[in-house]
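Asker: One structure, as structure tokens, below. Some questions next.
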Amino acid sequence: MTSTTTTTQHGTRTAAVEPPGQLLDVVVIGAGQAGLSMAWYLARRGVRYLLVDSGSSIGESWRNRYDSLRLFSPAQYDGLPGADFPAAPDTYPGKDDVAGFLSDYALQNAFPILGHTAVTRMTRAGGVFELHTTAGTMQARRVVVATGACHRPFTPSLAKGLRGVMQLHSADYRRPSDIPAGRVLVVGAANSGLQIAADLVGTHEVTVAVGSRPPAVPQRIAGRDLFWWFSRLGLMSLRPGSALARRIRARGDVVIGARSRDLAARGVDFRPRLVGASGTVAQFADGTEQRIDAVIWATGYRSDYSWIDIPGSADEHGQPLHVEGRSLAVPGLWFLGLPWQRSRGSSLLGFVQHDAAHLDTQMFQTQGVQK
């Protein structure tokens with residue numbers, strides 16, 4: 001065996017890792033909350049498994065978010081298998097708290113994790129997956145893709161019309177002090193866009209361009225956190241094929257806590273959809289224009305599974321073809337952490353563990369365990 005070092009903000013520990021050339025029972029791609037949840041169940045099976053992650057440290061994707069980010073779900077809903085989130089109930093962890101929890105969880109469980117390693121291509125032949133990575137080639141009988149669905153920040157093409165204006169995607173925004181003084185345009189009025197607008201309004205002139213207005217709900221209702229209500233009403237376990245789920249998904253993600261009218265009262269200028277940009281001038285759907293000094297594109301992400309070079313694994317749009325995480329056409333291929341994979345909570349910290357438990361059961365019922 002070789003070894004890799006799992007690094008956390010509290011120290012390091014070395015965990016045993018199978019050599020890339022040895023046939024593994026399971027390779028899990030991604031060591032975020034989905035991949036770590038899957039690892040917890042695999043460790044108890046006693047199978048030969050390995051987590052492969054492109055990050056240089058566990059929790060890196062959380063650490064790289066904007067400083068003011070906090071979870072919408074209170075701490076009591078943010079645990080992983082076998083571990084509660086280490087914070088008081090009804091408190092809302094920040095992004096560094098989440099990153100520390102994930103890295104400590106990996107450390108305490110001594111999961112075998114090969115970090116700083118990207119999977120560049122995956123093929124399958126003779127019932128075995130071959131994974132080509134930046135650390136070499138490895139083989140596995142089963143693969144769990146636990147990379148989520150937000151792979152590439154999306155910026156609309158009209159951004160090319162801007163000149164002499166600082167532009168950042170929300171993925172790269174960190175804090176107000178990084179943004180030049182003057183008028184900042186935030187494009188997008190979902191959770192990230194409104195949170196960033198709230199972060200900036202104390203130091204900048206802020207305009208938010210609203211393409212669509214998703215439903216908004218307060219963080220607390222009648223003294224209870226929203227997730228208490230969602231859980232009691234069965235909304236977090238709502239199955240994606242139900243009529244109610246289809247209506248919820250059609251309306252878009254719910255905006256939690258940040259309300260447009262509250263931000264307007266603090267001085268945020270709301271405009272309709274951004275339809276054009278030229279130089280330092282933004283043009284909106286109502287015919288108005290505004291000179292701007294910076295733009296934050298809170299315009300979401302696109303998924304990218306192009307590295308999976310296996311016929312039948314994806315549809316014509318490149319999206320995984322699966323039922324509750326099990327590939328429809330590729331035996332041994334599984335997905336974990338996708339939005340609405342099995343329920344409303346499938347992609348969320350604290351809830352993805354339920355899907356991991358389901359995959360653990362289904363994976364070995366389907367194919368058996370070969371050691």
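Asker: Given Leu102, Leu42, Leu51, which one is surrounded by 22 or more Cβ atoms within 10 Å (Cβ to Cβ), in contact (Cβ under 8 Å) with a residue 60 or more places away in the chain, in a strand (DSSP E or B) and assigned by TED's automatic domain parsing to the domain that holds Leu349?
Answerer: That would be Leu51, the only listed residue that is surrounded by 22 or more Cβ atoms within 10 Å (Cβ to Cβ), in contact (Cβ under 8 Å) with a residue 60 or more places away in the chain, in a strand (DSSP E or B) and assigned by TED's automatic domain parsing to the domain that holds Leu349.
Asker: Quick one: how many residues across segment 212-227 are touching a residue at least 12 places away in the same chain (Cβ under 8 Å) and either touching a Gly at 6+ places or on another chain (Cβ under 8 Å) or not in a loop (DSSP other than H, G, I, E, B) (or both)?
Answerer: 10
Asker: A further question on this structure: Output the residues belonging to segment 344-371 that are at pLDDT 95 or above and among the β-branched types (Val, Ile, Thr).
Answerer: Across segment 344-371, the qualifying residues are Val352, Thr361.
Asker: Okay, next question. Which of the residues belonging to segment 221-242 are farther than 17 Å from Pro339 by Cα and aliphatic (A, V, I, L, M)?
Answerer: Matches in segment 221-242: Ile221, Ala222, Leu226, Leu233.
Asker: Additional query: For segment 167-174, check the following and say yes or no: at least one residue is over 19 Å from Tyr301 (Cβ atoms), in contact (Cβ under 8 Å) with a residue 12 or more places away in the chain and of a type outside the set (Lys, Arg).
Answerer: No, because not a single residue in segment 167-174 is over 19 Å from Tyr301 (Cβ atoms), in contact (Cβ under 8 Å) with a residue 12 or more places away in the chain and of a type outside the set (Lys, Arg).
Asker: Quick check on segment 266-302: of everything there that is without any contact (Cβ under 8 Å) to a residue 60 or more places away in the chain, in contact with a strand residue (DSSP E or B) (Cβ under 6 Å, 6 or more places away or on another chain) and not charged (D, E, K, R), which residue is surrounded by the most Cβ atoms within 10 Å (Cβ to Cβ)?
Answerer: Per the stated criteria, the residue is Gln283.
Asker: Hey, another quick one. Given (1) closer than 26 Å to Gly94 by Cβ; (2) modelled with pLDDT of 90 or more; (3) part of a loop (DSSP other than H, G, I, E, B); (4) in contact with a helix residue (DSSP H, G or I) (Cβ under 6 Å, 6 or more places away or on another chain), identify the lone condition not met by Ala258.
Answerer: Only one criterion in (1) closer than 26 Å to Gly94 by Cβ; (2) modelled with pLDDT of 90 or more; (3) part of a loop (DSSP other than H, G, I, E, B); (4) in contact with a helix residue (DSSP H, G or I) (Cβ under 6 Å, 6 or more places away or on another chain) is unmet by Ala258, namely (2).
Asker: As an exercise: evaluate Ser56 against (1) modelled with pLDDT under 95; (2) not in a loop (DSSP other than H, G, I, E, B) and give the number of the one condition it does not meet.
Answerer: Against the list (1) modelled with pLDDT under 95; (2) not in a loop (DSSP other than H, G, I, E, B), Ser56 comes up short only on (2).
Asker: For residues that are out of contact with any helix residue (DSSP H, G or I) (no Cβ under 8 Å at 6 or more places or on another chain) and closer than 12 Å to Phe111 by Cβ, tally how many sit in segment 45-66.
Answerer: 2
Asker: Can you spot a residue in segment 288-300 that is at pLDDT below 95, closer than 21 Å to Tyr66 by Cβ and either assigned by TED's automatic domain parsing to the domain that holds Val119 or not β-branched (Val, Ile, Thr) (or both)?
Answerer: Checked against the condition, which is being at pLDDT below 95, closer than 21 Å to Tyr66 by Cβ and either assigned by TED's automatic domain parsing to the domain that holds Val119 or not β-branched (Val, Ile, Thr) (or both), segment 288-300 yields at least one hit.
The values are calculated or read from the model by the stated rules, or taken from the named source; none is laboratory data. Everything numeric here is computed off the predicted structure, so don't read it as measured data. No Cβ is skipped: glycine too gets one built from the backbone with ideal geometry, and neighbour counts run over all protein chains shown.
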